[in-house]
Amino acid sequence: MTFAPATEQGTGTIRDIVIVGGGTAGWMTAALLIHILGPGGHRVQLLESEEIGTVGVGEATIPPIGIFNRALGLDEDDFLRQTQGTIKLAIEFVDWLRPGHRYLHSFGAFGRPLGLGHFQDFWLRAHRLGMADDWEPYILNSVAARRGRFVRPDPRRQSPLEPLAHAFHIDAGLYARYLRQFAEKRGVRRREGKIVRTVLRAHDGFVDAVEMADGTRVRGDLFIDCSGFRGLLIEQALNTGFEDWSHWLPCDRAWAVPCASAGGFTPYTRSTARPAGWQWRIPLQHRLGNGYVYSSRHVSDDEAAATLMANLDGEALAEPRQLRFTAGRRRKFWNRNVVAIGLAGGFMEPLESTSIHLVQSAISRLITLLPNHGVDPAMAEEFNRASALEYERIRDFIILHYAATERADSPFWRECRDRPIPEELTRRIRVFQALGRVSRDLDELFSEVSWLHVFLGQGIWPRDHHPLADQLSAEDLRRFLEDMKMAVAREVDAMPTHADFIARHCRADSLTDSLKGTA
Ligand code: FAD
């Protein structure tokens, strides 16, 4: 069998890359592209409109952001200082299973394996024997989070435990500004102004140029649509279509408001279930970020805003701001010579802080498949296949939190509990219920540990434990768990508090004043 080469579309050399939008997605894309491609062969331009502005929320991240920052060569302390950032070790879910219940979805290792047995095998058996109740005392990230401690991993340290895994809480607007400085210094050209028209090539429907309000035409070989929910190129110009997931994820609005922080900052995000959705609480150095993500079918805007404002830790620092969205994704993330990244590509509520990560993984996928001469449809198809799968796996993980609830105290939660879920998620739940094994693809975002925390935290328990855990006598099992708990406690005892860590390494006080002057 022979394979004819796929028809190449747009045969010119791809050198002019135009990024449309200067939110977090736009500047992350600009920074990594210019860093990887260098100023030599490609011209990277970014267009943004101050009048339109950015979404301006998005403050919790997950650990892979460290890889992105390291790829750019950013110093972590400087990054935290510039973004008013704090450390995130976990997400606390409050009242999700039932009112009064709380659990942590922590990053990092789930205990320590013994031989070939996973820690959860031993813990599950001990739990059945009445020797262990909660799993949190055995998880380094969980204990450090609860006790408000943090230390950076130190390769010289001798310990039987894996070090803490961490992400950050950041002001995403400041992060975009930080990356803008980085990208402009390396040659990205920024143009301010509103795009009023997209010019398509007659023969193949590719985007040839965008036209700014002042009449300037900016042409490009490849366009990256980072224009946010509106999808200026991918949707408004190319009519790509949207796969709507609101039948699975019905929350469609959020109120967001910053407030003063009362006391120290916890090294974790908190998500508290509310009658028609959930409320986030994200501690930054200078304030707390808060928001109520809700379903407009189940609560009025006024009532949702009132619920949010009644549940702040400190005085509100601004009027609440409303955001509207639909869960789902573009039918194609890459269509012709347009690649949609960020909110232009799709949106899932920030329950597991995945949007900024989806930006990061889309950029690295684009760099891997970056065309040289023309756009080969096979590359676009591969980009779309991998992106769709990534979105779907994250979607199912988010749905799990809603579906596995015992709450029946409001129509919203009753619907969440009773609504059908994707078949793939049902399959995964069944595998876990059988023997505590997590079924997942090797390259998907959420690790076995993440699934474990959320399964157990949401009350999905295995019927049996793995036979490897039976190799220990009951006495040895008790000792193993006791030693483990003590080792975790000892490590955490030796850590500074999160507040001390920030004060010593990356306090942003002086920066706050300087930024005020430039805002
Ligand atoms: P935007 O911020 O909307 O930027 C769009 C850009 O396009 C702007 O610069 C705008 O000026 C420009 N633009 C648009 N139209 C034009 C035009 N005609 N001409 C010129 N320029 C134009 N993510 C997380 O990872 N963690 C979180 O905790 C989190 N929380 C969130 C909470 C809510 C309620 C929402 C809605 C989102 C949250 N996100 C979170 C997502 C996060 O905010 C976004 O993924 C991130 O900010 C990227 O946004 P963006 O750059 O794609 O779009």
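The values are calculated or read from the model by the stated rules, or taken from the named source; none is laboratory data. Just so you know, these numbers come straight off a predicted model, no measurement behind them. When we count neighbours, we look across all protein chains shown, and the Cβ atoms used for this are built from the backbone with ideal geometry, even at glycine.
Worth pointing out:
Conditions (1) surrounded by fewer than 16 Cβ atoms within 10 Å (Cβ to Cβ); (2) touching an Asp or Glu at 6+ places or on another chain (Cβ under 9 Å); (3) of a type in the set (S, T, N, Q), marked per residue:
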position	(1), (2), (3)
R253	no, yes, no
T272	no, yes, yes
G277	no, yes, no
R287	no, yes, no
Y294	no, yes, no
A306	yes, no, no
R330	no, yes, no
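- Screening the range 420-447 for residues that are among the charged types (D, E, K, R) and surrounded by 14 or more Cβ atoms within 10 Å (Cβ to Cβ) and picking the one that is nearest to R274 (Cα to Cα) gives R428.
- Which numbered condition I91 misses (of (1) assigned to a loop (DSSP other than H, G, I, E, B); (2) of a type in the set (V, I, T); (3) under 30 Å from W461 (Cβ atoms)): (1)
- Residue within the range 242-256 that is under 30 Å from M212 (Cα atoms) and hydroxyl-bearing (S, T, Y) present: no
- Among residues of the range 225-251 that are under 24 Å from W278 (Cβ atoms) and in contact (Cβ under 8 Å) with a residue 40 or more places away in the chain, those with a beta-carbon under 7 Å from a residue that is charged (D, E, K, R) and within 9 Å of the ligand (Cβ to nearest atom) at least six positions away or on a different chain give the pairs L249/E349; C251/E349.
- Within the range 351-370, the residues that satisfy the criterion of being near the ligand (Cβ under 7 Å from one of its atoms) and surrounded by fewer than 23 Cβ atoms within 10 Å (Cβ to Cβ) are S353, H357.
- Considering residues of the range 274-318 that are part of a strand (DSSP E or B) and charged (D, E, K, R) only, the residue farthest from the ligand (Cβ to nearest atom): R274
- Looking only at the range 212-234, and only at residues there that are among the acidic types (D, E) and more than 10 Å from the ligand (Cβ to nearest atom), the one that is nearest to the chain's Cα centre (by Cα): D221
- Every condition in (1) out of contact with any strand residue (DSSP E or B) (no Cβ under 7 Å at 6 or more places or on another chain); (2) assigned by TED's automatic domain parsing to the domain that holds V199; (3) more than 16 Å from the ligand (Cβ to nearest atom) is met by S387 except one, and the failing one is (3).
- Some residue of the range 162-181 being closer than 20 Å to A362 by Cβ and part of a strand (DSSP E or B): yes
- A search for C-beta distances below 8 Å between a residue of the range 370-385 that is more than 13 Å from R336 (Cβ to Cβ) and any residue that is surrounded by 17 or more Cβ atoms within 10 Å (Cβ to Cβ) and not aliphatic (A, V, I, L, M), counting only pairs 6+ apart in sequence or on different chains, returns nothing.
- Output for the range 29-51, where each listed residue is crowded, with 16+ Cβ neighbours inside 10 Å and within 15 Å of the ligand (Cβ to nearest atom): T29, A30, A31, L32, L33, Q45, L46, L47, E48, S49
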